[in-house]
Amino acid sequence: MALTDNKKKMNNKFYNYLLLILAFSYLSCDEFTYSPSGENFESIELPDTRMEINLQDIGDTAVVWGTTKINYNFNTYGKEFNSVELYLDSLLVARSSNLNYLIFNSKNYPDGNHQIVLLLTAKSGSGSLADQLNLEYVVLVKEFVMTIQNNTPPKPLSISKIETSSGFAKLTWPKYKFSNFESYRIYAEIYVPPYDYSNEYLKTTIENRDSTTWIDDQYVGGKIKYTIDVVTSDGIIYGDPFEFEAGTAKINTWEVLDVNNVKIVWNRCKTDSTFSSYELYKKAYPWDMVASITDINDTLITTAVGFGKKIDFFVKTVSKRNIDFFLNSFSPIESIFIGNPIPAFNQLEYIQATNSIYLTRSDSTFRLDASTNQLLAKEKYMSDVSFDGTRGYALKDLSQIVEIDPISLNEIRTINLQDLLIATNRINKIFTGKSNIIYCNTYNQGILMIDVDAHQIVTKRQLFDRNPTIYQSSPHGYLIHERTGGGSNGNVFRVDLSIDSIVNSGLYVQDYKCIGLSYTGNLDMIIDSYASRIWTATHNGIDYVTFKEFNVPQEILYPTRDPKSGLIGGFEHSFGYFVIYDVNTQSEYKRIKLSSGFSGNIYLFDSKVYSTNGVYMELN
């Protein structure tokens, strides 16, 4: 081992001598000449020491948090760039050979103020031996103060204000103070009420930290939320949203002109610089554009609405600079209709004893004053509710009913009928009889007449049809349509409340779609045959007799009769019109244009038409 070490030492000495000889040989070549005076080297001029470095977004004090990118630009006046070094309190903390920036992680250092030195170095370019051996540099020192705030990181940026300027939306926000800034990103969230839709769009990116204002030259009014996010070298700081609305073209008023048309007025757009046009839409399948108007001052239109349902309208204000449908301005939806509003319902029932109209639907029951249609009471019951002058019953579930007060609609008691029903049976319809009697139509036991106080079945009538259609016709009773053959053909039974019994009326209905039941004191029936014939049958106390019959231009479907005026109405086959006839004069009384896409039913009562969609209208 010792011999080997001595051998290595001898070899090292040999190489050192060799290098020394080579060095002397190198110095004697033409590149390095001696002066006549015996000096070792020729005199050279001093290198150009001019250099400049400018820090971006720093100023006299840099406020940093987390990882910070320190941006700079410099001029070495032709000298070869070497590096930029960052010293914090005389400690080298970062070095970069990048021409534009260096990265400094402040999380490794305490919060507070620190003295910072930035050193820019470049090769001297003098041509000296030291220069050629990369040992001679020109150095520029830049001093400033750095404040580290890792324990108090930046808060989300909040917009200071938004205002309209020259017809545009102008945003103003405070300058982001930290040095890790890279860019501002401005987003706009636009809400589109007609489509129950909102989306956020990137509007612009700003890379100048000193920029604290921006103008949205696409905004044309409407509700909008702006957000400014700050992109930093340490991640994204998400800003707080700022909601703004100015000059929205909202529908202000609408006026019914006749049984079909309305006038719609909206307010003027206030962003003149970005306005292109108004577009008026109405709800159809899904939306139809009614009109496009390019005059910013033209803010009204007359359009057809029809009767029978509420039609949703909205105004879209189109921007000159937007090609995306959803980047325009949308007004809130306005429901427009002919007539007066009432609760939407499935069935209407008039009770003379309380002078009330009862509207029922799947979740609620409403009591209206029959003279004024003023809402008097509301409760949540299932859709099947039946009243007489002193009592009311509602179907609670498939085996329970609730007795309710016909005035207040308050619940009086719950009656469980489960033990009276066979295991597979259930109730699908109830209607009141006299005193303590109720009638329940069931799926498997026919129609049951039940004494609710005695809690027993008094009698039952098994029908061929498990789910017959039951109409309340007058205070005297009900009519039951039982399908016995193919399609909708079947018998009509009468529930006579005077004796609480179910009797056969002797009438046979040819087609269900052409039957309607109402009353004018006694039990009445209205039938529209395929021969476009209207005829009514009334009960004279013993049996049914033909009351009136006349031909109409075309059959009417689902006819109904006003129990007070005797008017008869029904749908034309196309369902485009609801036509009302006067039985006494055997002539057309009124033709009502229905709303586009109408579905539902219409009732006649006291010279008014009631739509199940929640509107009614006076006929006179």
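The values are calculated or read from the model by the stated rules, or taken from the named source; none is laboratory data. Quick caveat, the model's predicted, so the values are computed rather than measured. Note that each Cβ is placed from the backbone with ideal geometry, even for glycine, and that neighbours are counted across all protein chains shown. Surface areas here come from the heavy atoms of the whole protein model, side chains and all, with no ligands, DNA or RNA. Shrake-Rupley method; radii C 1.70, N 1.55, O 1.52, S 1.80 Å.
Observations on the model:
- Environment charge at Tyr281 (Cβ cut-off 9 Å; Lys +1, Arg +1, Asp -1, Glu -1): 0
- Environment charge at Phe337 (Cβ cut-off 9 Å; Lys +1, Arg +1, Asp -1, Glu -1): +2
- Note on region 80-207: lysine pairs with Cα distance below 25 Å, sequence gap of 8 or more or different chains, count 18.
- FRET efficiency for the pair Asn260 and Thr585, taken as 1/(1 + (r/R0)^6) with r the Cβ-Cβ distance and R0 = 25 Å, rounds to 0.55.
- At R0 = 25 Å, FRET efficiency that the Cβ-Cβ distance of Glu549 and Gln347 yields, to 0.05: 0.35
- Using R0 = 45 Å, the C-beta based FRET efficiency linking Asp451 and Ala304 works out to 0.25.
- Spin-label model distance (nm) - Asn98 vs Val117, 7 Å beyond Cα toward Cβ: 2.4
- Per residue, the average separation of C-alpha pairs within less than 8 Å and at least 6 apart gives region 320-445 a relative contact order of 14 percent.
- Compactness of region 331-444, taken as the C-alpha radius of gyration over 2.2 N^0.38 Å, stands at 1.20.
- In this simple spin-label model, placing a label point 7 Å from the Cα along the Cα-to-Cβ direction at both Asn75 and Val145 gives a separation of 2.9 nm.
- Only lysines eight or more places from Lys460 in sequence, or on another chain, were considered; those with a Cα closer than 23 Å are Lys396, Lys429, Lys434.
- A 1.4 Å probe, protein heavy atoms only, puts the accessible area of Glu143 near 130 Å².
- Environment charge of Lys107, counting only residues whose C-beta is closer than 15 Å and scoring Lys/Arg +1, Asp/Glu -1: -1
- Here the extension length gained between Leu135 and Thr390 equals 80.6 nm, from 0.36 nm per residue of separation less the Cα-Cα distance.
- Mean separation of Cα pairs under 8 Å and 6 or more residues apart, divided by the residue count, gives region 118-177 a relative contact order of 23 percent.
- Under a 5 Å amide H cut-off, with hydrogens placed 1.01 Å from N, Asn252 pairs with Val265, Trp266, Asn267 among residues at least 5 apart or on other chains.
- Residues whose amide H lies under 5 Å from that of Thr68, counting only those 5 or more places away or on a different chain, are Phe104, Asn105, Ser106; hydrogens are built 1.01 Å from N in the peptide plane.
- The order of the peptides 351-363, 437-449, 293-305 by mean Cβ neighbours within 10 Å, most packed first, is 437-449, 351-363, 293-305.
- Heavy-atom accessible area order for Lys316, Lys161, largest first, 1.4 Å probe: Lys161, Lys316
- Couplings 3J(HN,Hα) of region 606-620, computed from phi: 6, 6, 10, 10, 10, 9, 5, 7, x, 9, 9, 8, 6, 7, 8 Hz, in residue order, whole Hz [Karplus 6.51 cos²θ - 1.76 cosθ + 1.60, θ = phi - 60°; x for Gly and Pro].
- Peptides ranked, highest mean first, by Cβ atoms within 10 Å: ranges 263-271, 92-100: 263-271, 92-100
- Region 137-259 shape via C-alpha gyration tensor axes, a/c threshold 1.5: prolate
- Between Gln374 and Thr61, the modelled label-to-label distance comes to 7.1 nm, taking each label 7 Å out from Cα in the direction of the beta carbon.
- Label zone at Arg413 (point 7 Å along Cα-to-Cβ), backbone N below 14 Å, region 430-455: 436-438, 451-455
- Three-way shape call for region 294-333 based on the alpha-carbon gyration tensor, with the a/c threshold at 1.5: oblate
- Partner lysines whose Cα lies under 20 Å from the Cα of Lys593, excluding those fewer than 8 positions away in the same chain, are identified as Lys263, Lys282, Lys283, Lys309, Lys310, Lys608.
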